Structure formats: C-alpha cells, structure tokens
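The values are calculated or read from the model by the stated rules, or taken from the named source; none is laboratory data. Nothing here was measured: the structure is a model prediction, and the numbers come from that model. Don't worry about glycine lacking a Cβ; one is built from the backbone with ideal geometry, like all the others, and counts go over all protein chains shown.
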Amino acid sequence: MKIAAVVAILLAWTSCTEQSCFANGQRSTDERSPLNFDLVESFVLASPVASVHRYTAASYAANDPNEDRYVVKVDSDADAVFASVLDGHAGWEVAEYVNKHLVKNAATLLGNASSNDFTHSSLSSAFVGTDDALRARLLRVFLSGHGKANRVGACTMLAYAKGSTLVVANGKHIIVQCPIHEQSS
C-alpha cells in the first residue's frame, strides 16, 4: 500500500528582520523540487501575524487522487494563524470534509480565548464537534446500504498560533517547529 502524505507545513516563528520577511504578502506556487511534489506553496506575510512571517506547504500524492489535504488560515485581525495537515485513509472525502470544517470550527470557538485552559478545551471541542458532524453524515450513508462508509477516515494535526503562543493538537502526526536564525557575519 502506498503511503500518501502531506509532506510538510512549516511555519516560521522568528524574530526575522530580513526584507524578505515583509514582502507584502507574496505567494509562490511554482517552486520546483527534486521530490516530485504535486503542490508547493510558499507565502510571505506582509507583516508578522502571531510571530509567523511566512509559511511553506508541500503535498506529495502517492495515491491518485491525492487523499491528503492541508490548510493554513492567517487571521491578522485576531493575531492568529491556524495550520492543519490531514492524512486521508481509504479515500479523500473525509480529509476534504475535515479540511473545510475543522479550522473554521476552531476559529469560531477560539474567538475570545482568554487562557490556555480555554484554548485547549476549545481545540478539543473543535475536533469533537467536527468528528460528530462527520459521523452523523457518514451514519446516514452507512444505514442506506453503503457499508464502505465505515472504513474511511483521516488523521489530523492542527497548529494554532496566537500572539507568542503556539498550541499543537495532534494524533499520529508530528509537527516540527523550525526557528530560523540569522547568521552573523
């Protein structure tokens, strides 16, 4: 069985002072890679949001169609960034559903988070709420005679940055924070 995976989401939390850190929100999707990614997206924010200056995401489709998804949502008004990686299992449909709903649900619940306890419980509630809504949809399909509906799924990782705080909710996925340090001459 081929393993389909979203290869990376990298958020750069740095004290970057390079001009490239403030490039007026430039997006690049045409980068070439020797790894044959089906999509590479790099984005430099016009100004830092939650200490994020830029992000890069890459997707490699080991299955056709690609079962995996990722989403990055930058909310400059709330000084928050969400990044989610979804690894679909037995199809792309669940990963697509979670991709469209999890970050939106988390952003709604975290609207006025005032403490880390509230942040953690809100993220848990976003996962549970998204899962419950998906389960209700799949149950109707399963009960109508489509037995394969109980075999699909997705593993999900969600990173939430607000101000100088980074919270990561993950299952089997691992996120690696990679600070960029300027070299002195």
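The table below gives the values:
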quantity	calculated
Complete set of residues in segment 165-180 that are at pLDDT 85 or above and over 11 Å from the mean Cα position of the chain (by Cα)	Thr165, Leu166, Val167
Those residues of segment 98-121 which are out of contact with any strand residue (DSSP E or B) (no Cβ under 9 Å at 6 or more places or on another chain) and part of a helix (DSSP H, G or I), in sequence order	His101, Asn105, Thr108, Leu109, Asp117, Phe118, Ser121
Of residues in segment 30-73 being closer than 23 Å to Ala106 by Cβ and among the acidic types (Asp, Glu), the one modelled with the lowest pLDDT	Glu67
Residue tally, condition surrounded by 19 or more Cβ atoms within 10 Å (Cβ to Cβ) and over 17 Å from Ala154 (Cβ atoms), over segment 75-93	2
Residue ID - surrounded by the fewest Cβ atoms within 10 Å (Cβ to Cβ), chosen from residues in segment 49-74 that are touching a Gly at 6+ places or on another chain (Cβ under 9 Å) and under 15 Å from Val98 (Cβ atoms)	Asn66
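Here's the yes/no breakdown for (1) farther than 18 Å from Val71 by Cα; (2) modelled with pLDDT under 80:
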{"site": "Phe118", "(1), (2)": "yes, no"}
{"site": "Val128", "(1), (2)": "yes, no"}
{"site": "Asp132", "(1), (2)": "yes, no"}
{"site": "Leu143", "(1), (2)": "yes, yes"}
{"site": "Arg151", "(1), (2)": "yes, yes"}
{"site": "Met157", "(1), (2)": "no, no"}
